[in-house]
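Working notes, structure below.
Values in this text are rule-based calculations from the coordinates and carry no lab data. What you see is a predicted model; the values in this text were computed from it and never measured. Please note: Cβ atoms are built from the backbone with ideal geometry, for glycine as well, and neighbour counts cover all protein chains shown.
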Amino acid sequence: MPRCSASMFSAARPARLATALVLMATLSLLLASGSLPRRASAEPLDVDSEIPPPAGERMSNKLGNDWIRSEVRPSENLEADQLANSERQRKLVDEIARTQLGAQLGKTTADLGILQRILDEKRLGDSPADTTQALGVALGDVLVAQAGYRWIRFEDAKGRSRALRSRDGKTVAFPVTAISRILDMGHRPDVAGIYAQLAAMGGAKTAP
């Protein structure tokens with residue numbers, strides 16, 4: 001059996017650390033988004049929302065971070081224009097999947113690989129900002145169907161956003177704008193990884 005030198009293990013540590021940092025940043029974007037540079041788009045885009053200061057229990061995820069906070073404000077249903085925009089974006093992603101990848105979305109974890117392919121192969125069309133938000137809607141639909149989240153309207157000083165709230169009400173996430181923000185930071189969004197962490201927080205099984 002070949003021997004592994006200490007230097008080989010030392011070289012692997014920075015790569016593992018970099019991966020962990022990207023994953024932490026990804027989940028942070030989902031749970032508490034900040035400002036996002038806007039791309040030109042003819043379609044309505046969600047604004048980035050801020051989680052308000054904690055008024056209830058402070059939570060931590062398995063990585064030991066304390067920026068995941070319980071959300072105690074009442075949930076609001078999506079308004080008619082938000083529902084219509086979500087449906088339009090679902091059709092957009094479904095058309096890309098069917099016509100360009102020969103795949104069909106079904107609000108199951110099988111969708112995660114399809115969404116990743118659309119991102120990795122840059123099949124974002126003429127309005128990438130709208131398409132990346134549409135991918136966030138499709139990811140959110142999987143979390144609703146498989147992990148017990150539900151769509152809500154979230155409002156703060158920056159405006160309205162479509163958000164997800166966990167079954168226990170303690171986790172609010174923003175998948176619609178998160179993928180765009182991760183891309184703008186120069187990182188590759190890990191769709192399955194995002195799903196696994198949020199599903200675990202919502203009390204669902206994490207295996208895609």
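For the range 150-206, what relative contact order do you get, as a whole percent, if you take Cα pairs closer than 8 Å and at least 6 residues apart? The partial results should precede the final answer.
Numbers: 54 pairs, mean separation 12.5, N = 57.
Averaging sequence separation for qualifying contacts and normalising by length gives 22 percent for the range 150-206.
Tell me, what ³J(HN,Hα) does each residue in the range 103-115 have, in order and in whole Hz, if you take phi through Karplus 6.51 cos²θ - 1.76 cosθ + 1.60 with θ = phi - 60° and put x for Gly and Pro?
10, 10, 7, x, 6, 10, 5, 5, 5, 4, x, 5, 4
According to the square roots a ≥ b ≥ c of the eigenvalues of the Cα gyration tensor, what is the shape class of the range 94-162, taking rounded for a/c under 1.5, prolate for a/b larger than b/c otherwise, and oblate for the remainder? Please list the in-between numbers first.
Numbers: a/c = 2.90, a/b = 1.35, b/c = 2.14.
It is oblate, given that a/c is not under 1.5 and a/b is not larger than b/c.
If each of ALA110 and ALA80 carries a label point 7 Å out from its Cα toward its Cβ, how far apart are those two points in nm?
Here the answer is 3.6 nm between the modelled labels.
Starting from the Cα of LEU183, step 7 Å along the direction of its Cβ; do the same at ARG150; then give the gap between the two resulting points in nm.
3.1
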